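Q: Right, I'll just put the structure down here and ask away after.
The values are calculated or read from the model by the stated rules, or taken from the named source; none is laboratory data. What you are looking at is a predicted structure, and each value in this text was computed from that prediction instead of being measured. Don't worry about glycine lacking a Cβ; one is built from the backbone with ideal geometry, like all the others, and counts go over all protein chains shown. The protein model used for the area step is the full one, side chains on, heavy atoms only, and it has no ligands, DNA or RNA in it. Shrake-Rupley method; radii C 1.70, N 1.55, O 1.52, S 1.80 Å.
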Amino acid sequence: MISILPLAVKISLAIFILLLIILFVVKKRKFILFLIVIDIGIGVWQGQKEYNRTYKDFSNVKADIKIAANDLIKEFETNDSAANKKYLDKTLETTGNLKDVTKDDAGYFTLILGDTTSMSSVRCSMDSTHLKDAATVPIGSSVTVRGACTGFNKDEMGLGSDVILNRCVIIKNQN
Amino acid sequence: MKRKGIILIAFLSLLTTQSFAQGKFYTKTGKISLFSATPMENISAVNKSIVCLLDSKTGDLQFAVLMKGFEFKKAKMEEDFNSDYVESSKFPKSEFKGQVTNNSSINYSINGTYKAEVTGKLSMHGKTKDITASGTVAVKDGKVILNSVFNIQLADFDVRVPKMYIDNIAKSIKTTVDCTLEPLK
């Protein structure tokens, strides 16, 4: 149960126990009690902060790995379990030819990167706060996208294989 | 000549509706949402990159879901979901393979909303379980829209919630499927 607590909360918990022990040893009890109150305050504050944390916009996050879209597809197609280990949960920055842009009924955009001759693609689901950017990129241009790699859909239904990136933002597009 | 042309067009349009009626439909941008309701808090997540394939001829229905693709409002919830509950690094993919049991009562070439029953095998978190869900199949201008709401019991898939959050997470997760399928060319 303790293992799922954030680090800051663990530290305040440890300090709390330490202070409790000290409380029974020393004479300056008021001062120790004061420290305990401060410690609990910091612990609760840090816990709340961690609990309410939201994801950072990827336009302000440095990419872990930069890779061309075609190379990324190739790596997953060659050995998907090795590629999963390497790329899952990582922030990827990938550059490739924009094959297509889809917009669904709810207004969400997906950029599809890769060779037009190939069934395989990198599918980039756009961050909901950056949807407008997706509509401005011309199809056939080279585009750089940053997002979280959520995995690989191997072609089991005859629809082509896809590497999926989530919460994507467009870094730049060259015509 | 004119009449021949009209007949030809009529014949061709018949052919296209026929191919719609018998073809396969798919999407790669289907949506599945999860909803956990407890007195403590409500938690929701959505995955917008669902792959779905429907064979309108046989009623065969398949879904592929990347577990890491569920987006939560709070980062901590998403991290806990992935690392502790569904262990998405170990089990990255979830799959459903099944059938629309009343497929013969759905006319894929006529616009309309039909009630549908689906039954099949759901694989998730290393476990496979038979599930049945009801919903609707809406045919609209050559597209097929699937909607369904059903519950997944966490215990069925061996998903364990840490004691600390046992009151915050429902044992039965409301799952909503919303997929707009296009004809597969």
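Q: Let me have the relative contact order for region B:2-183, percent, based on Cα pairs under 8 Å that are six or more residues apart.
A: Normalised by residue count, the contact order of region B:2-183 is 23 percent.
Q: Label residue A:128 and residue A:45 with points 7 Å out from Cα along Cα→Cβ: what is the distance between them in nm?
A: Each label point is offset 7 Å from its Cα along the Cβ direction, giving 3.1 nm.
Q: With each label point set 7 Å from Cα along the Cα-Cβ vector, what nm distance links residue B:155 and residue A:54?
A: 3.7
Q: Tell me, what % of the accessible area of region B:2-183 is carbon and sulfur with a 1.4 angstrom probe? Write down the numbers at each step before the final one.
A: Values: 5300 of 9320 Å².
Carbon with sulfur: 57 percent of the solvent-accessible area.
Q: Considering the Cα trace of the protein assembly as shown, what is its radius of gyration and what is Dmax, both in angstroms?
A: So, for the protein assembly as shown, Rg and Dmax equal 25.0, 112 Å respectively.
Q: Follow-up question, since we're still on this one. If I ignore ligands, DNA and RNA and count only protein heavy atoms, how much of residue B:127 is accessible to a 1.4 Å probe, in Å² to the nearest 10?
A: Its accessible surface works out to 80 Å², give or take rounding.
Q: Report the accessible area of residue A:136, computed with a 1.4 Å probe over the heavy atoms of all protein chains in place, in Å² rounded to the nearest 10.
A: Near enough 100 Å² of accessible area.
Q: Could I ask something else about it? Quick one: buried accessible area between B and A, total over both chains, 1.4 angstrom probe, nearest 100 Å²? All intermediate terms of the calculation are to be shown ahead of the outcome.
A: Numbers: alone 11380 and 11520 Å², together 19700 Å².
For B against A, buried area totals roughly 3200 Å².
Q: Could you work out, residue by residue across B:47-55, how many beta carbons of other chains sit within 10 Å of that residue's beta carbon, and then give the average as an integer?
A: Working: counts 4, 10, 12, 1, 9, 2, 4, 0, 1.
For this peptide, the per-residue mean of nearby foreign Cβ atoms is 5.
Q: Let me ask something additional. Along its principal axes, what span do the Cα atoms of chain A show, with the longest given first and each in whole Å?
A: Sorted largest first, the three principal extents are 80, 35, 28 Å.
Q: Taking 0.36 nm per residue of separation and subtracting the Cα-Cα distance, what length does fully extending residue B:134 through residue B:167 add?
A: 9.0 nm
Q: OK, next. Can you figure out the FRET efficiency of residue A:64 with residue B:91, using R₀ = 22 Å and their beta-carbon distance, to the nearest 0.05?
A: That pair, residue A:64 with residue B:91, gives E of 0.45.
Q: Quick one: compute the contact order of chain A, relative version, from alpha carbon pairs under 8 angstrom and 6+ residues apart, as a percent.
A: Result for chain A is 19 percent.
Q: Just from its helices, what would the mean residue ellipticity at 222 nm be for chain B, if runs of 4 or more DSSP H residues each count -39500 (n - 2.57) and the sum is divided by every residue, rounded to the nearest 500 deg cm²/dmol?
A: -4500 deg cm²/dmol
Q: Let me ask you something else. Any chance you could check region B:66-91 for residues losing 50 Å² or more of accessible area when the partner protein chains are in, compared with the chain on its own (1.4 Å probe)?
A: Relative to the lone chain, where solvent access is computed with a 1.4 Å probe, region B:66-91 loses at least 50 Å² at B:66, B:68, B:71, B:74, B:75, B:76.
Q: Rounded to the nearest 500, what is chain A's calculated 222 nm mean residue ellipticity when only DSSP H runs of at least 4 contribute -39500 (n - 2.57) each, over all residues?
A: -11500 deg cm²/dmol
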